[in-house]
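The values are calculated or read from the model by the stated rules, or taken from the named source; none is laboratory data. As the structure is a prediction and not an experimental result, all values here were calculated from the model. Using ideal geometry, Cβ is built from the backbone for each residue, glycine included, and neighbour counts are taken over all protein chains shown.
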Amino acid sequence: MALIRLFRFLQGSVGPLIVSLILLLASTGILLVQPWLIEYAIDSGIKTGSVTAIIWGAVGIIITAILAAALNMASGYTLIKSSQLMGYEMRNALYRKVMSFSFENLDRWRTGELMVRLNSDVNTIRMFVRMGMFMIVQSAIMIVGAVIAMYLKDAGLANIMAIFMPLTLLLFFIVATIIRPLFMKARTALDEMNNTLQENLAGAKVVRAFARQKQELGKFQVRNKNVYDISQNVGYKLSLFFPLFFLIAQLATVIVLWSGGSP
């Protein structure tokens, strides 16, 4: 539901967003052609010794790579425009919401927390639309296209890959379940650090008048260390799980090559 509410901020940039997705679809479709060109170069060129087939296969791979890169760049450009406009609309909406807060809400939300919501959180969401959505859509198209191509070419080898895909999805959901609470803790720690920073900067003269610089510095260092520790923990977890994804992918590739190459 939260993701659906997010997309209402993209209403003003529906046109560029649709264009970006169409370009991305075309780019991914062209990339899916490359394995067929490699197959042509190997089967019609290397096996038969035809230099012409090898050259045409290489030229086809280069042309498709250039076209895919150009379409990716165009898609990224239009998607940047959409994400920036979304960030603009979201900041305006959040600021209007803050300006309409009751006294109870103003007591509940401190200045540092509101600054994080208006700046850091909006930028995080904007980058998700800019990069995350781009990668999700491209990966989904690649997976569907690759599965169809595999079953058209060799159903037996495709069945092997079909075993590893659910394992990858299962690992992804496990990682998301473990990492999400850590991200929430990191955001809470960032809120506390920003609150301390805002209070000390706003009341810098008062802090200096009462000679509490050392105490406030120690307080900020505690908040900053908490952000550091939680962020480092998130980084360690991600550095542990991402190699597992690549391990599963490489293992699947080895098994497919072994099965396909066995007599």
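Within the bounds of region 133-146, is there any residue that is in a helix (DSSP H, G or I), farther than 30 Å from residue 254 by Cβ and assigned by TED's automatic domain parsing to the domain that holds residue 34? Yes, the conditions are met somewhere in region 133-146. Among the residues making up region 95-118, those that are in contact (Cβ under 8 Å) with a residue 24 or more places away in the chain and either within 30 Å of residue 166 (Cβ to Cβ) or within 24 Å of the chain's Cα centre (by Cα) (or both) are 115, 116, 118.
Here residue 116 meets each of (1) buried (at least 16 other Cβ atoms within 10 Å of the Cβ); (2) farther than 30 Å from residue 200 by Cβ; (3) among the β-branched types (Val, Ile, Thr) with one exception, condition (2).
Results for (1) loosely packed, with under 13 Cβ neighbours inside 10 Å; (2) over 30 Å from residue 244 (Cα atoms), shown as yes or no for each residue.
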{"position": "179", "(1), (2)": "no, no"}
{"position": "183", "(1), (2)": "no, no"}
{"position": "189", "(1), (2)": "no, no"}
{"position": "194", "(1), (2)": "no, yes"}
{"position": "204", "(1), (2)": "yes, yes"}
{"position": "211", "(1), (2)": "yes, yes"}
{"position": "218", "(1), (2)": "yes, yes"}
{"position": "223", "(1), (2)": "no, yes"}
{"position": "230", "(1), (2)": "no, no"}
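For region 165-177, the count of residues that are outside any helix (DSSP H, G or I) and either farther than 30 Å from residue 218 by Cα or in contact (Cβ under 8 Å) with a residue 60 or more places away in the chain (or both) is zero. When region 147-181 is filtered for residues that are among the β-branched types (Val, Ile, Thr) and not assigned by TED's automatic domain parsing to the domain that holds residue 254, the ones remaining, listed by number, are 147, 148.
Is it true that residue 250 is closer than 30 Å to residue 158 by Cβ and either touching a Pro at 6+ places or on another chain (Cβ under 9 Å) or polar (S, T, N, Q) (or both)? Against the criterion (closer than 30 Å to residue 158 by Cβ and either touching a Pro at 6+ places or on another chain (Cβ under 9 Å) or polar (S, T, N, Q) (or both)), residue 250 qualifies.
The set of residues from region 70-92 being loosely packed, with under 13 Cβ neighbours inside 10 Å and among the aliphatic types (A, V, I, L, M) comprises just one member, 73.
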